[in-house]
Amino acid sequence: MPFIDSHCHLHDSRIIPDLSVIIDRAVNAGVKTMVTCATMEENFELTRNLAMDHPSVAPCFGIHPWFIDSVSAEWEKKLENYLMAIPSGVGEIGLDFVDKEADQARQIKVFEYQFALAREMGRPVNIHIRKAWDTLIHILKRVGKLETPGLIHSYSGSADMVPVFEKYGLYISFSGSVTHPGAKKGIQALKRVSPDRFVIETDSPDILPFFSGIKLTGRNEPANLAGIAEIAARRSDADPDEFICRAHTNSLRLFESIIKKERNDGSPFR
Ligand SMILES: [Zn+2]
């Protein structure tokens with residue numbers, strides 16, 4: 001059964017030294033595509049190179065809300081250039097109001113700029129939202145339903161908001177956080193999401209999943225996606241095969257424009 005990791009960070013310094021082993025392990029575990037998200041200008045080039053060098057890697061470019069202070073004077077142009085240069089999505093972009101000291105107005109400005117660019121260019125968008133749900137809904141009400149869909153990564157909102165985001169053309173992405181014993185809210189959201197509106201991700205190297213009986217330490221990696229999918233299916237009372245198949249179909253639909261197609265003989269090409 002094939003998998004698509006809808007959100008990870010292969011450019012991360014915890015991944016790069018073992019990149020080829022990590023990609024091999026992922027592909028052997030059935031993870032045929034990894035959607036890797038840059039987070040700041042500094043890792044745009046590396047993200048592009050990863051996508052050029054590895055047929056299983058699909059890139060997204062964006063400024064993460066944690067790194068808005070790192071931007072150069074030309075960041076908007078730079079972002080647009082990378083998006084033009086290669087089939088790619090916009091991300092990881094978003095709003096994170098967990099830190100009470102965060103400059104929310106600036107985050108909103110940077111997010112709105114990138115979100116508008118994604119819509120203008122017709123690119124899928126990979127969104128990070130923490131404790132900023134009302135602000136996102138407010139923005140969505142203004143822009144209306146997305147023509148090219150996007151996802152909310154490692155969804156941490158309420159089950160009640162799931163249909164609202166679906167209505168605006170967003171997919172709900174579930175990470176290894178739903179494998180943890182206390183993940184009640186995440187499981188409620190999983191049970192609420194429409195069959196054609198969810199995808200799965202690892203957020204590697206972060207969000208280490210909880211596999212009972214196996215002690216995972218250190219960094220997370222895309223090969224863990226199969227285990228995450230099985231636990232997520234079981235905990236939401238879904239048939240694992242059907243769950244995995246739907247997650248794959250949904251991700252293909254969402255990232256259609258940036259995933260490299262395969263030849264009939266299975267060998268990948270750009
Ligand atoms: Zn991420």
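The values are calculated or read from the model by the stated rules, or taken from the named source; none is laboratory data. This one's a predicted model, so the numbers in the text were calculated from it and none came from an experiment. Quick reminder, even Gly has a Cβ in these numbers, built from the backbone with ideal geometry, and neighbours come from all protein chains shown.
Okay, residues lined up against (1) within 15 Å of the chain's Cα centre (by Cα); (2) loosely packed, with under 15 Cβ neighbours inside 10 Å:
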| site | (1), (2) |
| --- | --- |
| 144 | no, yes |
| 150 | yes, no |
| 154 | yes, no |
| 157 | no, no |
| 160 | no, yes |
| 163 | no, yes |
| 171 | yes, no |
| 174 | yes, no |
From 85, 102, 58, grab the single residue that is of a type in the set (Gly, Ala, Ser), more than 22 Å from residue 201 (Cα to Cα), in contact (Cβ under 8 Å) with a residue 24 or more places away in the chain and touching a strand residue (DSSP E or B) at 6+ places or on another chain (Cβ under 7 Å). 102
All conditions in (1) under 24 Å from residue 11 (Cα atoms); (2) more than 18 Å from the chain's Cα centre (by Cα) are true of residue 67 except (2)
Looking at the stretch 254-262, can you tell me whether even one residue there is among the aliphatic types (A, V, I, L, M), in contact with a Ser or Thr (Cβ under 7 Å, 6 or more places away or on another chain) and part of a loop (DSSP other than H, G, I, E, B)? yes
Out of everything in the stretch 232-245 that is in contact (Cβ under 8 Å) with a residue 40 or more places away in the chain and buried (at least 20 other Cβ atoms within 10 Å of the Cβ), what residue ends up being nearest to residue 121 (Cα to Cα)? 244
Taking the stretch 55-102 as the region of interest, how many residues are assigned to a loop (DSSP other than H, G, I, E, B) and either within 16 Å of the ligand (Cβ to nearest atom) or not charged (D, E, K, R) (or both)? 14
For residue 130, state whether it is among the basic types (Lys, Arg) and either touching a Leu at 6+ places or on another chain (Cβ under 7 Å) or under 25 Å from residue 179 (Cβ atoms) (or both). yes
Conditions (1) modelled with pLDDT of 95 or more; (2) away from the ligand (no atom under 15 Å from the Cβ): number failed by residue 35: (2)
Scanning the stretch 1-32 residue by residue, the ones that are of a type outside the set (Val, Ile, Thr) and within 16 Å of the ligand (Cβ to nearest atom) total 10
